[in-house]
Structure formats: C-alpha cells, structure tokens
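The structure appears right after this line, and notes come after that.
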Amino acid sequence: MYYFDLAAVPLAFQGYGEYLVEQFGDMWVWYNTITNTTMATLSAQALNYPIGRLSWNIKEKVCEQESGQRVLTLSPCQVGEFTCTDGSCIPFAKRCDLKFDCKDKTDESFCDIVNYPGDYRSKLPPRPALRIRASSTGVVTRGLNPPLNAPLGYAGG
Ligand SMILES: [Ca+2]
C-alpha cells in the first residue's frame, strides 16, 4: 500500500515500509530506502502517473520475481474495488458481470471461470460421489452408490 507524498517535489508514492516510487526525469523509480537500491524502473514518457497495470523493468529480485520486464500494478483502489488496467477503480461486483465498466474494458477480461479439460464431454453426467464406509470392526471400504438404506459412513457389521 502506498500513499501520495504531497511534500515531495516531484510527486512521489511512499510505501508504509521501505519502498518509495518517485519520478526522476523520464523514469519512475521504485526504490528501497533502507538498502538504497533501485527495485524497478518504468518509462515515464507519456505517463502522468505510474498508476495501473504497467510493464516495469525489475532490477532486483523481489517477491520471487527475477529481473526483467514484469507487469506490476500500483493501485489507488480501496478494498472491495477492482483495479482496471488504466488504474481507475470500480466496485468488485462489476468485475465479470458482462457489462463494460472500466473505460479500458479490462473488467471483462479473463473472466473464464471454468477451464474445461480437453477430454471433457458436456453430454455425460458427472460420476457418482465416492463414499467411504467403515464397519464396526474398523474395516474401511470404498464404494460407489451405497444402498440407499445404508447409513452414510457405516456399512453394517
Ligand atoms: Ca463489468
């Protein structure tokens, strides 16, 4: 989480930890103020702010990410809001609701809920649930479709 540091000239985003995002010339720089290292950079050309999902050039390994180009999100959104790629915010309930709410329409991107395996057959019914039955002797058996009159989880004995 970051907040605007209005005292900084130029504008900066100060994290609650050791990180700072600040503009230097034509670059936004994500900086670790404790170790004095540059974590990542972003070209500031044609960008007002580094808000939204943008391709940063990571310099230091962070969060299991190696160096190189990575899409990172700097978001001004609150809990319960979705960050559009352009950095604007919408209520999370409007994500994947089949209506475009983000100006860039990204709230309707990647909305597939179910990924079907290649051998999935929509005309076949699902397999019956596998039930585990234990006898009074402690023997555990597995079976499909136990008799309807058998107590669930117990098979005579
Ligand atoms: Ca929507």
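Bear in mind these aren't lab numbers, they're just calculated from the coordinates by the rules spelled out. All values derive from a computational prediction rather than experimental measurement. Virtual Cβ from ideal backbone geometry, glycine too; neighbours counted across all protein chains shown.
Side notes on the structure shown:
- Calculated SAXS-style log₁₀ I(q)/I(0) at q = 0.15, 0.25, 0.27 Å⁻¹ - segment 2-74, Debye, Cα scatterers: -0.45, -1.31, -1.50
- Rg over Rh [alpha-carbon atoms, Kirkwood Rh] for segment 49-96: 1.07
- Segment 1-128 - Rg and Dmax from Cα coordinates, angstrom: 19.1, 65
- Each residue, Lys105 and Leu11, gets one label point 7 Å from its Cα in the Cβ direction; the gap between the two is 2.7 nm.
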